[in-house]
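What follows is a short report on a single structure.
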Amino acid sequence: MLYGVQDVKDVLVLVCGHGGRDMRCGVLGPVLREEFERELASRDFTVLKDPVEIHHETLDQPHEIGTRNEGGEAKSSARVGLISHIGGHKFAGNVILYIPPGAKTADGKAHELAGCGIWYGRVEPRHVDGIIRETVLGGRVIEDLFRGGIRQGGEILRL
């Protein structure tokens, strides 16, 4: 096993912000990052910005996405970051969502996309609310934006 490799514990939103070859992602990426951060925070997610801590033990604790604990504090966490070119500037904004293994939907059911990476293209700021509602909280893929996906273990996600 490689040192530091571990399951994703937070909802992870990766936005292409590469602007060196084609400015579409370079212009749209930072706008989408801000919109995802704002919208996730408004839905009681803790938006983390510090580096991921590396733990040697695995915590396979399922948790509901987008809920509050008994003390009223945000229970779920998310990270949003800009990444380099992931292919297809013509599909800007390109967004990859990782849903943590063991995640549950907002209504407490098993999340259909837990452990999956979902790649959306042609994402605009107006789509962010729907992506969070449908995919992150609801466990459903938005077909009109879908570019591809992969399940934990490497299986290609098919619609």
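Between E134 and I150, 0.36 nm times their residue separation minus their Cα-Cα distance comes to what?
4.0 nm
If we count every other residue with Cβ under 10 angstrom of R133's Cβ, Lys/Arg +1 and Asp/Glu -1, where does the sum land?
So the environment of R133 carries a net charge of -1.
Which stretch or stretches of segment 112-139 have amide N atoms under 18 Å from the point lying 7 Å from R38's Cα along the Cα→Cβ direction?
Under cut-off, by backbone N: 123-133.
Whole-Hz ³J(HN,Hα) for each residue in segment 23-29, computed from phi via Karplus 6.51 cos²θ - 1.76 cosθ + 1.60 with θ = phi - 60°, x for glycine and proline: what do you get?
6, 4, 6, x, 7, 6, x
Please state the relative contact order of segment 81-157 as a whole percent: Cα pairs under 8 Å, 6+ residues apart?
RCO, segment 81-157: 29 percent.
Leaving ligands, DNA and RNA out of it, report the carbon-plus-sulfur percent of the accessible area of segment 5-48 at a 1.4 Å probe.
54 percent
Heavy-atom accessible area of H85 with all protein chains present, probe 1.4 Å, nearest 10 Å²?
70 Å²
The values are calculated or read from the model by the stated rules, or taken from the named source; none is laboratory data. A quick note: this is a predicted structure, and the numbers were derived from the prediction, not measured. Counting neighbours? That spans all protein chains shown, and the Cβs are built from the backbone with ideal geometry, glycine included. Surface accessibility is based on the protein's heavy atoms, side chains included, excluding ligands, DNA and RNA. Shrake-Rupley method; radii C 1.70, N 1.55, O 1.52, S 1.80 Å.
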